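Below is one structure; the comments refer to it alone.
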Amino acid sequence: MNAADVTIRPMQPGELDGVAELRAIGFGGQKDLLLARIKEDPRYNESHILVADWQGRLVGTATMFPVQMWLSGVPQPTGAVAAVTVQPEFQNIGIAAKLMQTLITTMHTDGLALSMLFPFSHKYYHRFGYAAVSDLHIYTIDPKNIAVTGDAGKVRPFQADDLPMLRVVYKGQLTWHNGWFTRSNAWWDKIVERWQNIVVFENDGFVDGYYVYLIKTGTNGERVLHLREFFAAEPAAYQGLLAYLAGQDVDVIEVLAPADTPLRYSLRQPVAVDGQNRHWIFNDLCHIAAGPMGRIIDLPKALTTRFYTRGVSGERVLKVSDPLLPANEAPIVFRLVDGRAETRPAGDAAPQIETDIATLTQVICGYLSATDARRLGRLSTDADTASWLDKIMVDAPLFIPAGDWF
């Protein structure tokens with residue numbers, strides 16, 4: 001058989017058990033637990049699940065659901081792609097590719113600006129126009145190495161009636177964090193249910209921050225505190241939570257943090273617990289891992305639904321190659337007036353910027369500068385235009401918190 005013999009279609013009622021089985025085979029875990037997790041996830045429903053059907057047998061599945069991901073201070077309509085898997089005996093014949101192509105077309109039809117996914121292989125998903133949009137910094141810290149002095153006495157275990165305030169504080173910070181998702185009340189309820197170990201910083205009756213953790217035993221018997229999420233709205237909360245963290249009875253604290261975290265400046269010695277010495281006096285501070293991948297789905301929408309640097313104007317003719325979505329390949333005029341953008345068809349005007357969809361995704365997500373993309377030969381333009389693009393897109397690194405992983 002080959003992929004042409006397989007039909008990609010929405011999951012039908014009664015097929016959820018088969019989807020759970022496919023996920024168990026592809027990703028591990030117990031089918032019954034996965035089935036319950038699918039049913040209880042408030043972010044999507046059965047209509048968001050695709051299946052690959054071969055002669056009435058489910059041989060593959062994929063899920064895509066809409067989220068609001070914040071970028072440049074505004075929410076972007078984004079398609080979250082998850083759980084792409086194919087039965088082992090049907091792999092390597094193009095079924096997963098057919099699932100992905102269907103999802104990309106569906107997201108464009110649905111009017112989504114961007115798509116995000118957590119890949120098993122960056123190389124594999126690059127063929128569909130996705131590219132890395134963030135780096136993750138993994139810190140392994142000796143608690144005694146934390147030098148911040150804060151009021152740890154204001155930190156206490158989370159209580160159920162803290163949740164409404166936590167939602168409000170989190171929502172108020174969305175505009176400042178690229179990659180955060182808008183969280184529904186139902187999803188917050190699920191997060192709190194799933195994460196039992198939560199502490200909050202309370203100041204004058206208000207919750208100004210929290211962190212979520214899990215303690216496990218390491219390979220050498222050491223107690224490792226895995227910090228799942230850490231958020232503080234005010235400096236006092238940040239300092240108090242760090243001071244409380246430093247006092248925990250553990251051997252190692254492991255933190256998955258965005259590239260711009262101030263955590264690195266809180267250490268007495270900038271070195272990881274398991275850091276190696278490299279070239280004279282240089283020791284590892286953290287390990288760097290490639291983060292999620294992103295893709296522009298609707299080019300005009302991706303360009304116009306975000307903000308740019310105020311006080312900068314101009315326009316350029318842009319042409320992007322996107323074999324999977326030909327609608328994105330029509331040249332457009334990208335016009336910017338005081339931080340807001342608009343687009344229109346370019347007609348016969350000669351392109352002033354030419355690139356591929358993956359490179360442009362990295363540029364608008366703040367991961368790759370236009371100047372570096374030009375230096376690498378991935379963006380064709382002049383130096384002044386590259387500099388203009390860098391001036392209008394000055395963004396903090398994108399980071400998706402663990403509570404929003406999919």
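The values are calculated or read from the model by the stated rules, or taken from the named source; none is laboratory data. Just so we're clear, the structure is a prediction, and the values are computed from it rather than from any experiment. Ideal geometry is used to build each Cβ from the backbone, glycine not excepted, and the neighbour counts take in all protein chains shown.
Taking segment 2-58 only, how many residues are among the acidic types (Asp, Glu) and in contact (Cβ under 8 Å) with a residue 60 or more places away in the chain?
Going through segment 2-58 one residue at a time, the tally reaches 2.
Residues are listed down the side, and each one gets a yes or a no for (1) outside the structural domain of LEU324 (by TED's automatic domain parsing); (2) at pLDDT 95 or above; (3) crowded, with 18+ Cβ neighbours inside 10 Å:
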site: PRO13; (1), (2), (3): yes, no, no
site: VAL59; (1), (2), (3): yes, yes, yes
site: PHE65; (1), (2), (3): yes, yes, no
site: GLN76; (1), (2), (3): yes, yes, yes
site: ALA97; (1), (2), (3): yes, yes, no
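If the requirement is being on the phi > 0 side of the Ramachandran plot, touching a residue at least 40 places away in the same chain (Cβ under 8 Å) and either touching a strand residue (DSSP E or B) at 6+ places or on another chain (Cβ under 9 Å) or crowded, with 16+ Cβ neighbours inside 10 Å (or both), which of these qualifies: GLY150, GLY179?
Answer to the selection: GLY179.
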Only one of LEU103, LEU117 that is in contact (Cβ under 8 Å) with a residue 24 or more places away in the chain, surrounded by 21 or more Cβ atoms within 10 Å (Cβ to Cβ), within 25 Å of SER72 (Cα to Cα) and not aromatic (Phe, Trp, Tyr): LEU117
So is SER115 in contact with a Pro (Cβ under 8 Å, 6 or more places away or on another chain), of a type in the set (S, T, N, Q) and under 29 Å from THR304 (Cα atoms) or not? no
Might you let me know whether segment 318-330 holds any residue that is outside the structural domain of THR261 (by TED's automatic domain parsing), among the hydroxyl-bearing types (Ser, Thr, Tyr) and assigned to a loop (DSSP other than H, G, I, E, B)? no
Say we look at segment 153-176 and pick out the residues that are part of a helix (DSSP H, G or I) and of a type in the set (Phe, Trp, Tyr); which of these is surrounded by the most Cβ atoms within 10 Å (Cβ to Cβ)? TYR170
So is THR85 β-branched (Val, Ile, Thr), within 19 Å of the chain's Cα centre (by Cα) and more than 23 Å from ASN328 (Cβ to Cβ) or not? no
Considering each residue of segment 346-367, count those that are out of contact with any Lys or Arg (no Cβ under 8 Å at 6 or more places or on another chain), aliphatic (A, V, I, L, M) and closer than 23 Å to TRP70 by Cα, and give that number. 2
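Taking THR140, is it assigned to a strand (DSSP E or B) and not charged (D, E, K, R)? If you could, list the steps in order and put the result at the bottom.
Working: assigned to a strand (DSSP E or B): yes; not charged (D, E, K, R): yes.
It is true that THR140 is assigned to a strand (DSSP E or B) and not charged (D, E, K, R).
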Candidate set from segment 120-137 (those that are farther than 30 Å from PRO270 by Cβ, in contact (Cβ under 8 Å) with a residue 12 or more places away in the chain and assigned to a loop (DSSP other than H, G, I, E, B)); member that is nearest to the chain's Cα centre (by Cα): TYR130
Please identify the pairs in which a residue from segment 59-74 that is free of Cβ contacts under 8 Å to residues at least 60 places away in the same chain has its Cβ atom under 8 Å from the Cβ atom of a residue that is acidic (Asp, Glu) and not in a strand (DSSP E or B), counting only partners at least 6 apart or on another chain. PRO66/ASP110
Does segment 182-221 hold any residues that are surrounded by fewer than 19 Cβ atoms within 10 Å (Cβ to Cβ), in a loop (DSSP other than H, G, I, E, B) and among the charged types (D, E, K, R), and which are they? ASP204
Of all the strands (runs of 3 or more DSSP E) wholly in segment 222-294, which have at least 2 residues that are touching a residue at least 24 places away in the same chain (Cβ under 8 Å), at negative phi and surrounded by 20 or more Cβ atoms within 10 Å (Cβ to Cβ)? 223-232, 252-258
Considering segment 371-388 alone, what residues qualify as being over 22 Å from SER115 (Cα atoms), surrounded by 18 or more Cβ atoms within 10 Å (Cβ to Cβ) and aliphatic (A, V, I, L, M)? ALA386
Based on what the data block shows, is PRO42 within 30 Å of ALA396 (Cβ to Cβ), modelled with pLDDT of 95 or more and either crowded, with 18+ Cβ neighbours inside 10 Å or of a type in the set (A, V, I, L, M) (or both)? no
Which of the residues belonging to segment 343-358 are crowded, with 19+ Cβ neighbours inside 10 Å and in contact (Cβ under 8 Å) with a residue 40 or more places away in the chain? ILE357, ALA358
Residue check, ASN197 assigned by TED's automatic domain parsing to the domain that holds LEU285 and closer than 30 Å to MET293 by Cα: yes
Among (1) within 18 Å of CYS365 (Cβ to Cβ); (2) modelled with pLDDT of 95 or more; (3) under 19 Å from the mean Cα position of the chain (by Cα); (4) not aliphatic (A, V, I, L, M), PRO258 falls short only on (2)
Matching strands (runs of 3 or more DSSP E) fully within segment 5-72 where at least 3 residues are under 15 Å from ALA83 (Cβ atoms): 49-54, 57-71
